[in-house]
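Reviewing the structure listed below.
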Amino acid sequence: MSSLFSSDIIDVLVVGGGNAGFSAATSAAESGARRVVVIDKCPEDWAGGNTCFTAGAFRTVHTGLQDLIPIVNNADSETAKIIDMEPYTPQDFRKDMDRMTSGRTDPALSKALIDESNAAIKWLAKNGIRFQLSFNRQAYKVDGRYKFWGGMSLKTEDGGKGLIRDHQAGAQRYGVEIYYSTPGKRLVTNDTGAVTGVVVAYNGVETLLRTKSIILAAGGFEANPRMRSQFLGPGWDLAHVRGTPFNTGDALEFAIHDVNARQAGNWSGCHSTCWDANSPTESGDRLISNEFTKSGVYYIP
Ligand SMILES: Cc1cc2nc3c(=O)[nH]c(=O)nc-3n(C[C@H](O)[C@H](O)[C@H](O)COP(=O)(O)OP(=O)(O)OC[C@H]3O[C@@H](n4cnc5c(N)ncnc54)[C@H](O)[C@@H]3O)c2cc1C
């Protein structure tokens with residue numbers, strides 16, 4: 001059985017086990033890294049970070065239905081005959097990115113996101129992520145035909161919960177080691193400034209894990225009321241947390257503190273949504289998940 005404290009050198013250490021962390025870990029193992037370790041601060045019954053709370057909706061460039069049919073499991077050939085789906089081109093994706101961000105998206109990052117989106121979903125599918133066409137959110141039945149709209153025709157089976165289960169299984173198939181209740185606390189560097197290890201707390205005891213490379217995928221500061229009010233502004237400490245309570249900005253803070261990482265992105269902005277006022281405040285509910293979303297309210301005059 002593998003142990004976090006094995007003397008075997010870690011090739012790739014991933015901090016955070018959501019969609020980003022598991023994708024990185026699986027990719028590293030697939031590319032030949034020998035020992036790949038994922039550590040996560042949360043206990044195992046909170047596995048999956050915010051990823052677990054999503055609908056698993058994926059926006060991707062595609063050339064139309066024939067491009068997506070091979071990777072989905074909920075549209076047989078008879079159903080495919082009554083689906084209308086326009087291609088979603090790189091230009092469409094770029095237009096939507098620019099519109100949603102008022103033109104403030106990072107040009108290089110968004111180019112990679114757009115240009116590699118189609119290859120990314122196919123790579124995920126190859127590694128066991130079960131995709132479906134998003135009939136319930138992205139299509140209307142008009143005159144007996146499913147008319148898809150927008151660029152988010154794909155979702156994962158069983159939403160974020162299914163996505164994380166599939167990621168865990170995929171990573172384990174590659175022999176990736178996964179340790180929960182193991183928060184990353186700080187980065188350790190050598191004389192040249194290269195990161196050589198991470199101090200983690202394991203069973204409450206701080207321990208240094210030495211690694212050849214590290215990937216930080218530990219979410220944002222959405223579950224940290226102090227950082228929310230500091231960066232988003234007054235009143236944001238009162239916002240309800242929609243997902244995991246464990247994304248408290250740790251990795252952002254220790255990367256800046258320990259290795260002088262450059263702060264990038266729009267720290268005074270966030271994605272937020274209408275949410276049930278009676279939902280829990282400090283974290284999402286693993287069972288109800290994104291069903292607290294309010295897309296509209298009845299107005300009774
Ligand atoms: C309710 C809801 C619905 C959403 N719906 C969608 C959707 O349908 N489609 C979509 O694309 N996006 C959606 N999003 C956004 C989406 O959840 C995130 O963009 C995505 O999950 C981020 O993935 P991640 O791997 O970066 O972070 P996460 O999935 O949040 O994973 C981060 C992990 O890091 C761990 N961690 C934190 N600190 C430490 C530490 N110090 N040491 C070790 N581990 C640490 C956390 O425990 C967590 O497991 C939704 C978000 C919410 C909250």
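Read-outs: derived from the displayed coordinates by stated rules, not from any lab. Quick caveat, the model's predicted, so the values are computed rather than measured. Please note: Cβ atoms are built from the backbone with ideal geometry, for glycine as well, and neighbour counts cover all protein chains shown.
Looking at region 241-301, the chymotrypsin sites (Phe, Trp or Tyr not before Pro) that sit in a DSSP loop and have at most 16 other Cβ atoms within 10 Å of their own Cβ are W267, Y298, Y299. From the square roots a ≥ b ≥ c of the eigenvalues of the alpha-carbon gyration tensor of the chain, which class results: rounded (a/c under 1.5), prolate (a/b over b/c), or oblate? Verdict is prolate for the chain.
Among H271, H167, H257, rank each residue by its count of other Cβ atoms within 10 Å, from fewest to most, as a rough exposure measure. If you can, show how the numbers build up before the last one.
Numbers: H271 8, H167 29, H257 11.
Result, fewest neighbours first: H271, H257, H167.
Hand me the tally of lysine pairs in region 120-236: alpha carbons under 28 angstrom apart, and the pair either on different chains or 8 or more positions apart. Value for region 120-236: 14.
Compute, for region 180-301, the length of the dipole vector about the Cα centre, with Cβ point charges of +1 (Lys, Arg) and -1 (Asp, Glu) only. Units Debye, rounded to 20. Can you show the working numbers first?
Values: 10 positive and 11 negative charges, 47 e Å.
Roughly 220 debye, rounded to the nearest 20.
Each of I83, I300, I39 has some number of other Cβ atoms within 10 Å of its Cβ, and from fewest to most they run I300, I83, I39. Assign one of three labels to region 105-182, namely rounded, prolate or oblate, based on the Cα gyration tensor with a ≥ b ≥ c the square roots of its eigenvalues; rounded applies when a/c is under 1.5, prolate when it is not and a/b is larger than b/c, and oblate otherwise. Because a/c hits 1.5 or more and a/b fails to exceed b/c, region 105-182 counts as oblate. In a reduced charge model with +1 at each Lys and Arg Cβ and -1 at each Asp and Glu Cβ, region 1-118 shows a dipole moment near 360 debye about its Cα centre.
Full extension of the chain between A120 and S2 gives 39.5 nm of extra length, using 0.36 nm per residue less the Cα-Cα distance.
According to the square roots a ≥ b ≥ c of the eigenvalues of the Cα gyration tensor, what is the shape class of region 65-151, taking rounded for a/c under 1.5, prolate for a/b larger than b/c otherwise, and oblate for the remainder? Don't skip to the answer; put the middle values down first.
Numbers: a/c = 2.78, a/b = 1.48, b/c = 1.88.
Verdict is oblate for region 65-151.
Give me the number: length gained by fully extending T63 to Y180, i.e. 0.36 nm times residue separation minus the C-alpha to C-alpha distance, one decimal in nm.
Numbers: separation 117, 0.36 × 117 = 42.12 nm, distance 3.97 nm.
Separation in residues times 0.36 nm, less the Cα-Cα distance, equals 38.2 nm.
Counted residue by residue at 0.36 nm each, then reduced by the alpha carbon distance between them, the extension gain from C270 to N74 reaches 67.3 nm.
Taking the number of Cβ atoms within 10 Å of each Cβ as an exposure proxy, the fewest-first ranking of R286, R242, R186 is R286, R186, R242. What the phi angles of region 207-220 give under the Karplus curve with 6.51, -1.76 and 1.60, with θ = phi - 60°, is a coupling list of 9, 8, 9, 8, 8, 6, 8, 9, 10, 8, 9, 9, x, x Hz, glycine and proline written as x. In a reduced charge model with +1 at each Lys and Arg Cβ and -1 at each Asp and Glu Cβ, the chain shows a dipole moment near 300 debye about its Cα centre. Placing pseudo-labels 7 Å out from each Cα toward the beta carbon at Y202 and I288 gives an inter-label distance of 3.8 nm.
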